[in-house]
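S.K.: Just passing along the structure, written as structure tokens.
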Amino acid sequence: MITFPRGRQVVLGVGAGIAAYKACDLLRRLQDDGFEVTVIPTNSSLNFVGRATWEALSGKEVKTEVWEGTQSVSHVALADAADLIVIAPATADLISRLASGRADDLLTTTVLAASSPVLIVPSMHPGMYLNPATQANLETLIARGFYILQPDTGRLTGTDSGIGRFPETLRIIGKVREICDSNSGLKGKKIVVTTGGTMEPIDPVRFIGNKSSGRQGLAIAYEALREGAEVTVISGITEEYVLGGIKRIDVKTAQEMQNALSAELESADALVMAAAVADARPEIASSEKVNKEDFRALSLVKNPDILAESTKNKRENQVFVGFAAETGDGIREKGLKKLHSKGVDFLYVTDVSNGKVFGEKETTGILLSKRGSEWSFKAADKHELGRRIVSELIQELGVING
Ligand code: CTP
């Protein structure tokens, strides 16, 4: 099973303030920034925004009590998975319960069990906010390492105004980014990543395949998500994985991959062709299992070169990244040749001598750019290469779009 680094899981706790409706927008913007959000409302907050809204927006089951689905021990599971807990809006009552360490619903129990940072976004009437009891509770939470975002000052629900307004979503997002050290360089951009190997059938049980695990493409997809990109993964044969927030298209053969890609590419800003596509397939895929007596020679036909075909229709404002797996001497020179012959903006050439890199967590190779820059990687984590590629995509797409 392929796993991914921490950093994308946010628990959004919602207290019973009128600003709960504004937290719907916050949830959306967090998702746009590449976070995967689980919502835990307090029971009374459901008077403002109902469970169905949170479930529809988050795409996840929403619980308020530890007594729902006890077999999954939700508070512990949610606390363990959370990279950040954001409580918005946090009412005076909720702040008071958190400060005294209460655990009387799913949200407070999860906060108590969690070791992740917690960001509190108080929102209430100025009288309640400025009340010494609330202020003392906030001081207690600050002393325990909670982050508190000061409310805005302005018009409130009724006719009065003052401090206590729910902050603008962007201010909250800014604080979240600061705490999580995350960015949004690819926001509004669509990145298509192909990954894994293709499987070319010989008969119903046999195939031509390769050792690709899909790890590298998935690491790139993950890093692009972390920068707020809309990510489509065209996934060949890979190790098992679960990656929330992507559009996943599963394919088996090179031809299926080409069809899926051509449907996605038109609307894409960048293509990362990390898949290990089989260069050839059996001329005939037998519908019956071939008996060993009949197994003499395989007649092969060439598969389309998906990347080279795709670059023929590449637009000026698209960025393409190719991969090349090489063995022997002159890896860099072989890579440079392919960078130009495939017509891509970047090409990562990796040394797969002695079966290295495929299926491993680490990679050795050189990322080459058509502008002449290059970056070397030696037994580097595949996410490190992923981050470099993503940062070059941000740069290139920024240059293209002025
Ligand atoms: N590729 C592709 N379609 C193919 C084969 C490869 O799109 N039928 C893509 C791969 O995803 C990769 C790049 O082309 O991004 C380089 O693949 P590689 O197999 O190393 O290059 P080839 O052009 O097939 O060259 P070789 O003859 O060395 O195998």
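The values are calculated or read from the model by the stated rules, or taken from the named source; none is laboratory data. Small disclaimer: the values here were computed from a predicted structure and weren't measured. Cβ sites come from the backbone with ideal geometry, for glycine too, and all protein chains shown count toward neighbours. Note: accessible area is taken over every heavy atom of the protein model, side chains too, but ligands, DNA and RNA are not part of it. Shrake-Rupley method; radii C 1.70, N 1.55, O 1.52, S 1.80 Å.
S.K.: Go over the candidates 179, 142, 172 one by one and state the one that is open to solvent by 70 Å² or more (accessible area, probe 1.4 Å) and part of a helix (DSSP H, G or I).
M.R.: 142 is the lone residue from the list that is open to solvent by 70 Å² or more (accessible area, probe 1.4 Å) and part of a helix (DSSP H, G or I).
S.K.: Restricting to region 343-381, name every residue that is closer than 12 Å to residue 325 by Cα, small (Gly, Ala, Ser) and assigned to a strand (DSSP E or B).
M.R.: The one that is closer than 12 Å to residue 325 by Cα, small (Gly, Ala, Ser) and assigned to a strand (DSSP E or B): 365.
S.K.: Looking at residue 384, is it open to solvent by 30 Å² or more (accessible area, probe 1.4 Å), closer than 23 Å to residue 225 by Cα, part of a helix (DSSP H, G or I) and modelled with pLDDT of 95 or more?
M.R.: The answer is yes for residue 384.
S.K.: What tally of residues in region 117-137 results from selecting those that are within 33 Å of the chain's Cα centre (by Cα) and open to solvent by less than 20 Å² (accessible area, probe 1.4 Å)?
M.R.: Taking region 117-137 and keeping what is within 33 Å of the chain's Cα centre (by Cα), we get 117-123.
Within this subset, residues satisfying the condition of being open to solvent by less than 20 Å² (accessible area, probe 1.4 Å) are 118-123.
Matching residues across region 117-137 total 6.
S.K.: When the residues of region 49-79 are narrowed to those that are free of Cβ contacts under 8 Å to residues at least 12 places away in the same chain and among the β-branched types (Val, Ile, Thr), which ends up nearest to residue 114 (Cα to Cα)?
M.R.: 73
S.K.: Moving to a separate point now. Scanning for something at pLDDT below 95, open to solvent by 60 Å² or more (accessible area, probe 1.4 Å) and of a type outside the set (Val, Ile, Thr), does region 208-220 turn up at least one residue?
M.R.: There is at least one residue in region 208-220 that is at pLDDT below 95, open to solvent by 60 Å² or more (accessible area, probe 1.4 Å) and of a type outside the set (Val, Ile, Thr).
S.K.: Just wondering, is there one or more residues in region 237-250 that are in contact with an Asp or Glu (Cβ under 8 Å, 6 or more places away or on another chain) and surrounded by 21 or more Cβ atoms within 10 Å (Cβ to Cβ)?
M.R.: no
S.K.: Sort out for me the strands (runs of 3 or more DSSP E) sitting completely within region 214-291 that have 3 or more residues that are under 23 Å from residue 345 (Cβ atoms).
M.R.: In region 214-291, 230-235, 270-273 are the strands (runs of 3 or more DSSP E) which contain 3 or more residues that are under 23 Å from residue 345 (Cβ atoms).
S.K.: Quick test of your reading of the structure: residue 222 fulfils all but one of (1) under 15 Å from residue 2 (Cα atoms); (2) of a type outside the set (Asp, Glu); (3) within 16 Å of the ligand (Cβ to nearest atom); (4) in contact with a Lys or Arg (Cβ under 9 Å, 6 or more places away or on another chain). Name the failing condition by number.
M.R.: Exception for residue 222: condition (3).
S.K.: Looking at region 8-118, what helices (runs of 4 or more DSSP H) fall wholly within it and have at least 2 residues that are among the basic types (Lys, Arg) and modelled with pLDDT of 95 or more?
M.R.: Answer list for region 8-118: 20-32.
S.K.: Also: Looking at 152, 105, 160, which one is crowded, with 16+ Cβ neighbours inside 10 Å and acidic (Asp, Glu)?
M.R.: 105
S.K.: Scan region 300-322 residue by residue and report those that are farther than 14 Å from residue 269 by Cβ, more than 9 Å from the ligand (Cβ to nearest atom) and open to solvent by 60 Å² or more (accessible area, probe 1.4 Å).
M.R.: Within region 300-322, 300, 312, 313 meet the criteria.
S.K.: Going by the structure shown, is residue 268 more than 9 Å from the ligand (Cβ to nearest atom) and open to solvent by 30 Å² or more (accessible area, probe 1.4 Å)?
M.R.: no
S.K.: For region 183-213, what are the residues that are in contact (Cβ under 8 Å) with a residue 24 or more places away in the chain, not in a loop (DSSP other than H, G, I, E, B) and not charged (D, E, K, R)?
M.R.: 191, 192, 193, 194, 195, 197, 201, 208 - these are the residues of region 183-213 that are in contact (Cβ under 8 Å) with a residue 24 or more places away in the chain, not in a loop (DSSP other than H, G, I, E, B) and not charged (D, E, K, R).
S.K.: Residue by residue through region 271-299, note down the ones that are among the hydrophobic types (A, V, I, L, M, F, W, C), away from the ligand (no atom under 15 Å from the Cβ) and surrounded by 11 or more Cβ atoms within 10 Å (Cβ to Cβ). Working first, answer last.
M.R.: Looking only at region 271-299, we keep the residues that are among the hydrophobic types (A, V, I, L, M, F, W, C), and these are 271-278, 280, 284-285, 290, 295, 297-298.
The next check asks that each one be away from the ligand (no atom under 15 Å from the Cβ); those that pass are 284-285, 290, 295, 297-298.
284, 285, 290, 295, 298, listed by residue number.
S.K.: Do you know which residues across region 355-379 are crowded, with 18+ Cβ neighbours inside 10 Å and closer than 26 Å to residue 230 by Cα?
M.R.: Hits for region 355-379 are 363, 367, 368.
S.K.: Still on this structure, I have one more. Quick one: in region 328-342, which of the residues that are open to solvent by 70 Å² or more (accessible area, probe 1.4 Å) and either in contact with a Ser or Thr (Cβ under 8 Å, 6 or more places away or on another chain) or within 9 Å of the ligand (Cβ to nearest atom) (or both) is farthest from residue 400 (Cα to Cα)?
M.R.: If we take residues in region 328-342 being open to solvent by 70 Å² or more (accessible area, probe 1.4 Å) and either in contact with a Ser or Thr (Cβ under 8 Å, 6 or more places away or on another chain) or within 9 Å of the ligand (Cβ to nearest atom) (or both), then 334 is farthest from residue 400 (Cα to Cα).
Here is a yes/no grid of residues against (1) out of contact with any strand residue (DSSP E or B) (no Cβ under 7 Å at 6 or more places or on another chain); (2) within 22 Å of residue 374 (Cα to Cα); (3) outside any loop (DSSP other than H, G, I, E, B):
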| residue | (1), (2), (3) |
| --- | --- |
| 293 | yes, no, yes |
| 298 | no, no, no |
| 301 | no, no, yes |
| 317 | yes, yes, no |
| 320 | no, yes, yes |
| 325 | no, yes, yes |
